[in-house]
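Enquirer: The structure that follows is given in the form of structure tokens.
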Amino acid sequence: MEAASISLEPAPLLALRAFINGAGALDAAAWTAAAIAADLVEDAGEILRSARHGQTERSDLRTLESSLKLLAEKARKRRAALWHLDTRRQLVRFSYTKNDAALPFDDGELHAIFLHAFRLEGLGLALDMGKHPRPLLSVGLPLPAQVGGVAECMDAVLKREPAEALPGLLERLNRRLPEGLCMHTWTALPGYATPLVDLALRAWWRWEVPVELRERVAAGLRPFLAAATWLWDRGGAKAEAPLDLRTIVLEPRLEEGVLTFATRLGALHALNPLKVLGALFGLEAAELKGLVRSRLDLKADPRLGQAERFEPKLKNMFEDAVLLSGGSNITLVDEDDDEPLRLG
């Protein structure tokens, strides 16, 4: 991914990565000042934490990480206090295709790949509010390795809305992605939009059944359609209750060697489709090549019609701004600094 073009990551983070990789020295004081000025202390702390596991013997990395801890905690508290007033953040939902060479990637690998592409293109992701903040990029609905997807989605929260036009942005990101992954839509959403996983109702699947398995699949499908219930005992150490696949696998149809069906989604029904098909037809996962998620059915997002419940009270913010600019002697104190910040 790095070979596609030069990295557009901010200079302090590039310098830190080079230092971690042993490709350059680091003036700790000057670098720290640059990281503070660019508001990248928390990002740097996350990079150092991630690198620590493979670099345990390097005392210089441990020293640098220790020196950043207090600064990172102050930055996190400041960010938490101003989170609801930050109008620069941008929530985006992007869709992508996963096929061919990308089929072996599982959810964790896809997450890492897209994080890497955003980083290399200089698209800074906002961080969550955890003790060890992580970039706000969700993998959406699970899609196992060896299963393709036509319109998979992820949600990302950018620190700032990109200034460039959408076609150029998608072109840049797609140049970074490995073969078999391609982003094709990018939708800006208000920050209070409901996560995709909470909107999904059904997933639709398409499987081009190998010729040697078609009779077996047809023979297995007939009793399933005729049954009122079809209990699946998943086994496992937790001794989970059997699931009735007749209520989860919907509208299965085998036509001209292609099996199409839908599965219910939700907290209790986000099942691995390979295991579902294996349970129905007595097949191993390795035999189920070519399965693709063709689309998702989503319910309307109720939050998008209730903006007044989620958006900041703009009228009050405007009145506060007028008050602060009207010559008052109000003093705002930032507890992280030794000196108060005076406005007006």
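The values are calculated or read from the model by the stated rules, or taken from the named source; none is laboratory data. Remember, it's a predicted structure, so these values are computed and weren't measured experimentally. Virtual Cβ from ideal backbone geometry, glycine too; neighbours counted across all protein chains shown.
Enquirer: One residue is enough: does segment 21-28 have a residue meeting the conditions within 22 Å of the chain's Cα centre (by Cα) and surrounded by 15 or more Cβ atoms within 10 Å (Cβ to Cβ)?
Expert: So far as segment 21-28 goes, no, none of its residues is within 22 Å of the chain's Cα centre (by Cα) and surrounded by 15 or more Cβ atoms within 10 Å (Cβ to Cβ).
Enquirer: Among the residues of segment 95-109, count how many are crowded, with 18+ Cβ neighbours inside 10 Å and either among the small types (Gly, Ala, Ser) or within 14 Å of ARG295 (Cα to Cα) (or both). Quick ask: steps written out before the conclusion?
Expert: Kept after step one, since they are crowded, with 18+ Cβ neighbours inside 10 Å, are these residues of segment 95-109: 95-96, 98, 102-103, 105.
Retained after the next criterion (residues that are either among the small types (Gly, Ala, Ser) or within 14 Å of ARG295 (Cα to Cα) (or both)): 95-96, 98, 102.
Count: 4.
Enquirer: Among the candidates LEU143, LEU173, LEU115, LEU127, single out the residue that is modelled with pLDDT of 95 or more, aliphatic (A, V, I, L, M) and buried (at least 19 other Cβ atoms within 10 Å of the Cβ).
Expert: Sole residue among the options that is modelled with pLDDT of 95 or more, aliphatic (A, V, I, L, M) and buried (at least 19 other Cβ atoms within 10 Å of the Cβ): LEU173.
Enquirer: Go through segment 201-212 and count every residue that is more than 35 Å from the chain's Cα centre (by Cα) and surrounded by 14 or more Cβ atoms within 10 Å (Cβ to Cβ).
Expert: Of the residues in that region, 0 qualify.
Enquirer: Only residues that are within 23 Å of ARG234 (Cα to Cα) and among the acidic types (Asp, Glu): list them for segment 254-304, please.
Expert: Answer for segment 254-304, where residues must be within 23 Å of ARG234 (Cα to Cα) and among the acidic types (Asp, Glu): GLU284, GLU287.
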